[in-house]
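Undergrad: Please see the structure below; I have some questions.
Values quoted throughout were computed directly from the atomic coordinates according to the rules given, and no laboratory measurement underlies them. Given the structure is predicted, the values throughout are model-derived calculations rather than measurements. Positions of Cβ are generated from backbone atoms using ideal geometry, with glycine treated the same way; all protein chains shown enter the neighbour counts.
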Amino acid sequence: MQLLGAPLSPFIKKVRIVAAEKAIDYDYDPRPSPLGWPEGFERINPLKRIPALLPDPSNPDYAINDSSAICAYLDRLKPEPALFPAEAEALGRALWIEEFCDSELAAKAGMGVFRPVFFNIATGKAADYEAAKVGFEGLAGTLLTYLEKQLDGKTWFAGDGFSIADIATTCQLYNLSFVGFDVPAARFPNLAAHYQRCSGRPSMAGLIANDQAFVAKAGFELPKQEL
């Protein structure tokens, strides 16, 4: 089994966290990214998006694409520990929060906050923190406020346990934190506490350590922002 996609992608992280929680082994190819696609990648995904999973790396014409499809596949491949709730209402909630984070939150966090900082640095430009701050406030006023409310009186987003909903949320909040935009605990206490719970799990802590080593090696400066 081979997983393909750039390590800083929140969708790659989502898949890698699911695989780590389930102790599923795979080979990892970090090359495909919006900054450059390996030759022949369109055979794997004609849309040129990541992540991609090859159950059989010798057959690139048969791939599972899209993080939600891959995570569902991994959950069926190894059902325990269950990351998709068994109870109908909790499952529906988990899938909704996953979709909310993968679509609207990902678009606004990625284009409005992550891109003006990291993509600028990666392409030799100065990070545009002012644009990123405007982007953060735009998503904070609606999307983060919604997620904060969904956690009132709860430890997890869906049901009584850690699920795909918690993973999807944490991956998007992590990419904000990576470029200096931590969720402010004074404004979003439920969401900030949830992020700390999730990001401290071994399945994610190792990925965070890898990213910190990457930043240090590359010499990038990503200062924390006052929000």
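Undergrad: How are the alpha carbon pair distances in the stretch 88-218 distributed across 5 Å bins from zero to the largest one, expressed in percent?
TA: With 5 Å bins starting at 0, P(r) equals 2, 10, 20, 23, 20, 14, 7, 3, 1, 0.
Undergrad: Excluding same-chain residues fewer than 8 positions from residue 22, which lysines have a Cα within less than 27 Å of its Cα?
TA: Cα-Cα hits under 27 Å: 13, 14, 78, 154.
Undergrad: Sticking with this one: Compute the Cα gyration tensor for the chain, then decide on rounded, prolate or oblate, letting a ≥ b ≥ c be the square roots of its eigenvalues: rounded whenever a/c is under 1.5, prolate when a/b is larger than b/c in the other cases, and oblate in all that remain. Could the numbers behind the result be given before it?
TA: Values: a/c = 1.77, a/b = 1.07, b/c = 1.65.
Oblate shape, in that a/c is at least 1.5 and b/c is the bigger or equal ratio.
Undergrad: Something else: For a paramagnetic label modelled at 7 Å from the Cα of residue 103 toward its Cβ, which residues of the stretch 12-27 fall within the zone defined by backbone nitrogen distances under 20 Å?
TA: Answer for the stretch 12-27: 12, 14-15.
Undergrad: Ok, one more. When the Cα centres of the stretch 1-57 and the stretch 164-227 are compared, how far apart do they sit, in Å?
TA: Taking the Cα centre of the stretch 164-227 as reference, the centre of the stretch 1-57 is 21 Å away.
Undergrad: Between residue 160 and residue 82, what length in nm is gained on full extension when 0.36 nm per residue of separation is reduced by their alpha carbon distance?
TA: 26.9 nm
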